[in-house]
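Participant: Sharing a structure with you now.
The values are calculated or read from the model by the stated rules, or taken from the named source; none is laboratory data. Given the structure is predicted, the values throughout are model-derived calculations rather than measurements. Don't worry about glycine lacking a Cβ; one is built from the backbone with ideal geometry, like all the others, and counts go over all protein chains shown.
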Amino acid sequence: MIHVENLTKYYKELCAVDRISVDIHKGEVLGLLGPNGAGKTTTLRMLTGYFMPTSGTIRVKDYLLDENLLEIKKLMGYLPESAPLYHNMLVFDYLDYVARIRGLDKDQRAIRIRQLVDLCGLDEIMHRSINELSKGLNQRVGLAHAMMTDPEILILDEPTSGLDPNQIVEIREIIRKIGEEKQRQDCCGRPCGNSQADRRSKTFYPFRTTQRRFSRSMPWTQRHSRRYKYRTDR
């Protein structure tokens, strides 16, 4: 799915990422572990095409990063460390806006937003303005944004950074559910507990795969200009 070989990034004379090599297979959940300044965010930005590497190769499926950047981005959902949201919009309006930009038609938008509301626990805040939300709730909305097109690859940069202990547990549970749903869809049947380590960079990459389902889907419909409810007539 993703093949990285000798990935290196320099900022002038500073080496931020030093010859990382790793293979990530479909259905696997991978985490990058390391201290601040180890190059984790830089690595993710290179994988998503926001930074170009100084040297090395990134291949996603059959696409090379430096030749097929747009095609690779279409396969990915990306949540940076600080969720980039429009704070003057209601949560529902924002998700509907994202879905329209991503090219979902009316029926697809309703179904997909309902799925993401269930998955990310947004049921009670759909009528609220984003600027009223806590950082934990902002992360949930950002995660729903990244998941809008049900991407084959989901990249999250420190999704629990700055959250309180309860919010950390909640976000981790959402990530676990996403992994379970992807595993169910893919039916890849790969064993759990795989791991890889790059000895040169001394960075450890744990994989985790699981096999459960997540909740139902039910489309949304507008009730008032600032309130929304479920449609139950389908």
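Participant: Let me spell it out: the conditions are (1) closer than 25 Å to ILE171 by Cβ; (2) modelled with pLDDT under 90, and THR48 meets all of them except one. Which number is the exception?
Facilitator: Tallying (1) closer than 25 Å to ILE171 by Cβ; (2) modelled with pLDDT under 90, THR48 fails exactly one: (2).
Participant: Oh, and also: Would you tally the residues in region 1-15 being assigned to a strand (DSSP E or B), surrounded by fewer than 18 Cβ atoms within 10 Å (Cβ to Cβ) and either touching a Ser or Thr at 6+ places or on another chain (Cβ under 6 Å) or touching a residue at least 24 places away in the same chain (Cβ under 8 Å) (or both)? Even if it seems obvious, please write down each step before you answer.
Facilitator: Kept after step one, since they are assigned to a strand (DSSP E or B), are these residues of region 1-15: 2-11, 14-15.
Restricting the remaining residues to those that are surrounded by fewer than 18 Cβ atoms within 10 Å (Cβ to Cβ) gives 3, 5-6, 8, 10-11, 14-15.
Those still in the list that are either touching a Ser or Thr at 6+ places or on another chain (Cβ under 6 Å) or touching a residue at least 24 places away in the same chain (Cβ under 8 Å) (or both) too: 3, 5-6, 8, 10.
Going through region 1-15 one residue at a time, the tally reaches 5.
Participant: Assuming ARG190 fulfils every condition listed in (1) modelled with pLDDT under 85; (2) out of contact with any His (no Cβ under 8 Å at 6 or more places or on another chain); (3) of a type in the set (Lys, Arg) apart from one, which condition is it?
Facilitator: Single failed check for ARG190: (2).
Yes or no, residue by residue, for (1) of a type in the set (D, E, K, R); (2) out of contact with any Cys (no Cβ under 9 Å at 6 or more places or on another chain); (3) surrounded by 17 or more Cβ atoms within 10 Å (Cβ to Cβ); (4) part of a helix (DSSP H, G or I):
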| residue | (1), (2), (3), (4) |
| --- | --- |
| THR149 | no, yes, yes, no |
| GLU158 | yes, yes, no, no |
| GLY162 | no, yes, no, no |
| VAL169 | no, yes, no, yes |
| GLU173 | yes, yes, no, yes |
| GLY179 | no, yes, yes, yes |
| ARG184 | yes, yes, no, yes |
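Participant: Okay, next question. Does THR54 satisfy the condition of being of a type in the set (Ser, Thr, Tyr) and either free of Cβ contacts under 8 Å to residues at least 60 places away in the same chain or more than 25 Å from LEU163 (Cβ to Cβ) (or both)? Give the derivation first.
Facilitator: Working: of a type in the set (Ser, Thr, Tyr): yes; either free of Cβ contacts under 8 Å to residues at least 60 places away in the same chain or more than 25 Å from LEU163 (Cβ to Cβ) (or both): yes.
Against the criterion (of a type in the set (Ser, Thr, Tyr) and either free of Cβ contacts under 8 Å to residues at least 60 places away in the same chain or more than 25 Å from LEU163 (Cβ to Cβ) (or both)), THR54 qualifies.
Participant: Please determine whether any residue of region 194-208 is modelled with pLDDT under 85, touching a helix residue (DSSP H, G or I) at 6+ places or on another chain (Cβ under 7 Å), assigned to a loop (DSSP other than H, G, I, E, B) and surrounded by fewer than 17 Cβ atoms within 10 Å (Cβ to Cβ). Can you show your working first?
Facilitator: Residues of region 194-208 modelled with pLDDT under 85: 194-208.
Restricting the remaining residues to those that are touching a helix residue (DSSP H, G or I) at 6+ places or on another chain (Cβ under 7 Å) gives 208.
Those still in the list that are assigned to a loop (DSSP other than H, G, I, E, B) too: none.
No, there is no match, as no residue in region 194-208 is modelled with pLDDT under 85, touching a helix residue (DSSP H, G or I) at 6+ places or on another chain (Cβ under 7 Å), assigned to a loop (DSSP other than H, G, I, E, B) and surrounded by fewer than 17 Cβ atoms within 10 Å (Cβ to Cβ).
Participant: Please go through (1) part of a loop (DSSP other than H, G, I, E, B); (2) touching a strand residue (DSSP E or B) at 6+ places or on another chain (Cβ under 9 Å); (3) under 21 Å from GLU181 (Cβ atoms) for HIS87 and return the number of the only condition it doesn't satisfy.
Facilitator: Evaluating HIS87 over (1) part of a loop (DSSP other than H, G, I, E, B); (2) touching a strand residue (DSSP E or B) at 6+ places or on another chain (Cβ under 9 Å); (3) under 21 Å from GLU181 (Cβ atoms) leaves (3) as the failure.
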